[in-house]
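Visitor: Attaching a single structure in C-alpha cells format; questions to follow.
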Amino acid sequence: ATITGAIKAAQDKGFPPEEIWPYPADSERYSTREPAGAAAAARPFRALKQTEIRSYDAALDWMQQGLGPILLGIDWTNGLANNRGEITLADIRGGSLGGHCVFIWGWDADGLLDLGNSHGPEWGENGWRKTRPEVVDTWTARGDVYGLSDLESIDEPREVVPDIGEGM
C-alpha cells in the first residue's frame, strides 16, 4: 500500500461512517474484511480534491480552513512507537521500523497538530499525539504529505473551530 494508493481509494470508494466501520476497529484490527454496507455508505464521503502539503504552515492553513484531513507517509521509528508526549524531532530520528501512514485531523491553540495513528488507543493518548511544527516541516520536506478534501472547490473553505483539548 502507498499514500497515493490510499488517496485513489478515498477518491474512488470514499470513507464509511464511523458507526459502520469504527476507527480504530480494535476487534477487526488490520482486518481486510469489510463490514456489510460499508461500501455503499462510503460513497457519499469520497475525497474530491487532493493537494500536496509542503510545510507546517501549509498544513495548519489547510486544517484551519476546514478542508479535510492530511495523510502523511512517514518513516516509523522507535521514538514514535514508544512516544508518550508531544512528538519532537528526537522521536523521528533513528531506529527505523519501516514506512507507515498517519494523519492530521486537528490542531490546538498553541499550533500543535493532532496526529492520529492506526495502532489503536494504546498508542499515545487514546491513539493521538500532539505534533510540533518542526516535525511536520521535516516530514513535508521528505514528501508524501497530502491534504484530502470532500469539497468540490477548495476556493470556498468551511469555517471551523479547533477542538482544543477534547479527545486528547
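Visitor: So for segment 11-154, what are the equivalent ellipsoid semi-axes in whole Å, largest first, each being the square root of 5 times an eigenvalue of the Cα gyration tensor?
Guide: Value: 25, 20, 13 Å, ordered largest first.
Visitor: Enumerate by residue number the GluC sites (Glu not before Pro) in segment 40-130 meeting two conditions: DSSP loop (anything except H, G, I, E, B), and at most 11 other Cβ atoms within 10 Å of the site's Cβ.
Guide: Sites meeting the loop and neighbour criteria: GLU122.
Visitor: Straight-line reach from LYS130: which lysines have Cα under 29 Å away, leaving out those fewer than 8 places along the same chain?
Guide: LYS8, LYS49
Visitor: Add +1 for every Lys or Arg and -1 for every Asp or Glu among the other residues with Cβ under 14 Å from the Cβ of ALA10, and state the total.
Guide: Computed value for this residue: +3.
Visitor: For segment 93-149, what log10 I(q)/I(0) values come out of the Debye formula at q = 0.21 1/Å, with one point per alpha carbon and no solvent?
Guide: These q points yield log10 I(q)/I(0) values of -0.97.
Visitor: Roughly what % of Cα-Cα distances in segment 29-109 sit above 18 Å, to the whole percent?
Guide: Every Cα pair in segment 29-109 considered, those over 18 Å come to 60 percent.
Values quoted throughout were computed directly from the atomic coordinates according to the rules given, and no laboratory measurement underlies them. Everything numeric in this text was worked out from a predicted model, so none of it was measured. With ideal geometry, Cβ positions are generated from the backbone for all residues, glycine too; neighbour counts draw on all protein chains shown.
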